[in-house]
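**Student:** The following block contains the structure, expressed as structure tokens.
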Amino acid sequence: MDAQMPHNIEQVRAAIDNIDAQLISLLAERQSFVTRAGEVKAGQGIQDAHDPERVESILRARREQALDAGLDPEVAERIWKELIAAFTDYEQNAGR
């Protein structure tokens, strides 16, 4: 076992909680860029937040990144589909 790997469930859970806190910070940063994307699109007269070609491009790239990082690409794709859907809804409704 790796010397840095937790040895009991409490340590494992604490490590997961730490990662989750980092993810929340990164998602908040992502949200600020989604907000900015909505502003830019509005300035360009773009009404729809959903861009199917962009979604497919993102999903392909995240699957490749997942493979390179040792993350199951199916897990990555499921997460990013939900992430994209949530932020698309957020962007669409942020201007209201």
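The values are calculated or read from the model by the stated rules, or taken from the named source; none is laboratory data. Just so we're clear, the structure is a prediction, and the values are computed from it rather than from any experiment. For neighbour counting, all protein chains shown are included, and Cβ atoms are generated from backbone atoms with ideal geometry for every residue, glycine included. Accessible surface is based on the protein model in full, side chains and every heavy atom, while ligands, DNA and RNA are left aside. Shrake-Rupley method; radii C 1.70, N 1.55, O 1.52, S 1.80 Å.
**Student:** Let me confirm something: among Ala66, Ala49, which residue is aliphatic (A, V, I, L, M), in contact (Cβ under 8 Å) with a residue 24 or more places away in the chain and either open to solvent by less than 80 Å² (accessible area, probe 1.4 Å) or over 22 Å from Ile79 (Cβ atoms) (or both)?
**Tutor:** Ala49
**Student:** Go through the range 1-37 and count every residue that is closer than 27 Å to His50 by Cα, open to solvent by 80 Å² or more (accessible area, probe 1.4 Å) and of a type in the set (A, V, I, L, M, F, W, C).
**Tutor:** 4
Yes/no per residue for (1) in contact with a helix residue (DSSP H, G or I) (Cβ under 9 Å, 6 or more places away or on another chain); (2) assigned to a helix (DSSP H, G or I):
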residue	(1), (2)
Met5	yes, no
Glu10	no, yes
Ile16	no, yes
Ala21	no, yes
Val34	yes, yes
Ala37	yes, yes
Gly45	no, no
Asp48	yes, no
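**Student:** List every residue pair whose Cβ atoms lie under 6 Å apart, where the two residues are 6 or more positions apart in sequence or sit on different chains, the first residue falls within the range 70-92 and is hydroxyl-bearing (Ser, Thr, Tyr), and the second residue, located anywhere, is open to solvent by 80 Å² or more (accessible area, probe 1.4 Å).
**Tutor:** Thr88/His50
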